[in-house]
Amino acid sequence: MGHDRRYSLPRTSLAALLLATLGWVLILMTMTINAEARPSQAQVATDTARLEGLRQQVEQAAVAGDWDQARSTWREFQLTWLDVEDGFRDVSIDGYTRIETAMLFVSDALKPDAPDLDVVRSTLGAVGAELAPFL
């Protein structure tokens, strides 16, 4: 009768429970950190406006026949895109992919020594159309 019948978990069960709890805590912390690191839709809209301004500057330089300036501003657009693209991807992977594709066409259109203005304007217009939903 001297048996102490206290309830206790086997050590392996207790260790498993502690590991599972720790795992969930780490998952929740990671989700919180990732959520805080993601740009908000408001930030994406701000970034879109910035990109749209650069896109318009490229078009203005192209219309003026200043191809060096158009290419320079297009490089600035591309560098800006590299800084902000993650937010676009988070908001819409399809939209992000369409912007990337449209950008390739602009880059190709600007490669010749004497680009075709109509092609450059058309491809820039496609970039603008893909950016518009993010505003």
Out of (1) in contact (Cβ under 8 Å) with a residue 24 or more places away in the chain; (2) open to solvent by 80 Å² or more (accessible area, probe 1.4 Å), what's the single condition that is false for Glu52?
(2)
All but one of (1) farther than 30 Å from Phe134 by Cβ; (2) modelled with pLDDT of 95 or more hold for Leu54; state the number of the condition that does not hold.
(1)
Within region 64-84, how many residues turn out to be touching a helix residue (DSSP H, G or I) at 6+ places or on another chain (Cβ under 7 Å) and either among the aliphatic types (A, V, I, L, M) or crowded, with 17+ Cβ neighbours inside 10 Å (or both)?
6
So Arg38, is it at pLDDT 95 or above, open to solvent by 100 Å² or more (accessible area, probe 1.4 Å) and basic (Lys, Arg)
no
Matching entry among Leu135, Leu104 (being exposed (fewer than 14 other Cβ atoms within 10 Å of the Cβ), without any contact (Cβ under 8 Å) to a residue 24 or more places away in the chain and either hydrophobic (A, V, I, L, M, F, W, C) or over 17 Å from Ala61 (Cα atoms) (or both))
Leu104
Just one of the numbered conditions (1) under 12 Å from the mean Cα position of the chain (by Cα); (2) open to solvent by less than 80 Å² (accessible area, probe 1.4 Å) is not true of Asp90; which one?
(2)
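The values are calculated or read from the model by the stated rules, or taken from the named source; none is laboratory data. Everything quoted here is computed from the prediction, not taken from an experiment. So basically every Cβ, Gly included, is an ideal-geometry build from the backbone, and we count neighbours across all protein chains shown. Side chains included, ligands, DNA and RNA excluded: accessible areas come from the protein's heavy atoms. Shrake-Rupley method; radii C 1.70, N 1.55, O 1.52, S 1.80 Å.
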